[in-house]
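Undergrad: Starting off with a structure, shown below.
The values are calculated or read from the model by the stated rules, or taken from the named source; none is laboratory data. All figures in this text were calculated on a predicted structure; none of them were measured in a lab. Cβ atoms come from the backbone with ideal geometry, glycine included; neighbour counts cover every protein chain shown. For the accessible areas, the whole protein counts, side chains as well, though only heavy atoms, and no ligand, DNA or RNA atoms are used. Shrake-Rupley method; radii C 1.70, N 1.55, O 1.52, S 1.80 Å.
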Amino acid sequence: MGGGLLTGIAQLVEHRSPKPRVVGSSPPSRARKEDSMNIFKTFINYCKACYEELAHKTTWPTYKELTQSAVVVLSASLIIAVVVWLMDVAFKAVMSSVYPN
């Protein structure tokens, strides 16, 4: 019973994702070495581009802007914490009256 289903699924997978046709052998060692050097150069260029963007193109906030943003985040966090605490106290009171000990 299951053999036909598995064979059908295997054929479907084979049909949907055929294996690539490989002709010949692996490239010579010189070609592989050049490929690895290209990958290394690409990585170095990426790192240089990241540094250039962070050092010269990014607009960093001033100390005053950073302080103001931090105060806003801390204030919002405290307000949310107080609201959650009040909801917890309210639900505890409701549950205590519904399910007395």
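Undergrad: Which one of these is in contact with a Ser or Thr (Cβ under 9 Å, 6 or more places away or on another chain), charged (D, E, K, R) and modelled with pLDDT under 95: Arg21, Arg32?
TA: Step by step, each of Arg21, Arg32 is checked, and only Arg32 is in contact with a Ser or Thr (Cβ under 9 Å, 6 or more places away or on another chain), charged (D, E, K, R) and modelled with pLDDT under 95.
Undergrad: Has segment 67-90 got at least one residue that is of a type in the set (Asp, Glu), open to solvent by 80 Å² or more (accessible area, probe 1.4 Å), in a helix (DSSP H, G or I) and at pLDDT 90 or above? I'd like the intermediate steps shown before the answer.
TA: First pass over segment 67-90, keeping only residues of a type in the set (Asp, Glu): 88.
Filter once more, so that each one left must be open to solvent by 80 Å² or more (accessible area, probe 1.4 Å): 88.
Now narrow it down to the ones that are in a helix (DSSP H, G or I): 88.
When the remaining residues are screened for being at pLDDT 90 or above, the result is 88.
Yes, because at least one residue in segment 67-90 is of a type in the set (Asp, Glu), open to solvent by 80 Å² or more (accessible area, probe 1.4 Å), in a helix (DSSP H, G or I) and at pLDDT 90 or above.
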